[in-house]
Amino acid sequence: MMFLGIDSQVVGIIALADTVKPNAKQTVAELHKMGIEAVMLTGDNQRTAETIAQEVGIDRVLAEVLPEHKARQVKKLQEERKVVAMVGDGINDAPALAQADIGIAIGTGSDVAIETGDVTLISGDLRGIVTAISLSKRTMRTIKQNLFWAFAYNSALIPVAAGALYFAFAQTGIPSGLHFVLGDYGFLNPILAAAAMAASSITVVSNSLRLRRFKPAKLAG
């Protein structure tokens, strides 16, 4: 609040208030659905910070933090065994963005913050935080699926290609129906082995291409 005076007499009062970014409340609600705790780290006074936090549903408030101490607060959260993603747009947010496990810069903010962050929300829309996390989780799930199928595929076929079935058919010989596949001695036909490896690669690439169908979730409200 600012007071306007003339000749030591108050003639006007100007009240200022922080405005909440569009979709902030919906973004915090989506983060809660993902099991993510939302923490406000700000240099504003405690009362103002708690009012804004209550309005958007933020869980925890760290107020009256000096710019040079923001990185220290992020480190304290990490010492609580938390994986910290810091969202910021100002010059004084840059050290905290660098300290965090993931720094998310607002594209409409300062160049220093954008350079420091690992992820930049070009439009400045906070819904991009939810989208980035959802896409990251989908990507990690796809990577794990690819690794599983690649290991399973190779674990099953490499021993066959190396002749593991030779011992199984050493006494009885290779059945006539399997001659093309295993030859005369139980070793996988090189042509089929090459085709199997190509099929493995096609499977992995095709599974990864499913990420192209990813669509950001629409936030309620």
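The numbers here are math on the coordinates, done by the rules we state, and not lab data. This is a predicted model, so every value here is computed, not measured. Every residue, glycine among them, receives a Cβ derived from its backbone with ideal geometry; neighbour counts consider all protein chains shown.
Some observations on this one:
- Cα shape, segment 19-131, gyration tensor, a/c 1.5 rule: rounded
- The chain, helix-only ellipticity at 222 nm - DSSP H runs n ≥ 4, -39,500 (n - 2.57), divided by all residues, nearest 500: -14500 deg cm²/dmol
- Qualifying chymotrypsin sites (Phe, Trp or Tyr not before Pro) in segment 136-169, DSSP loop, other Cβ atoms within 10 Å at most 13: Phe167
- Gyration tensor (alpha-carbon) shape descriptor, the chain, a/c threshold 1.5: prolate
- The value given for segment 16-76 is a Kirkwood hydrodynamic radius of 12.2 Å, derived from the mean inverse Cα-Cα separation.
- C-alpha long axis of helix 24-33 to longest principal axis of the chain, angle in °: 40
- Backbone N under 18 Å from the Thr19 label point (7 Å along Cα→Cβ), restricted to segment 37-81: 52-53, 55-56
- With 22 Å as the limit, the listed pairs Lys144/Lys215; Lys21/Lys137; Lys82/Lys137; Lys82/Lys215; Lys33/Lys76 have Lys21/Lys137; Lys82/Lys215; Lys33/Lys76 beyond it between alpha carbons.
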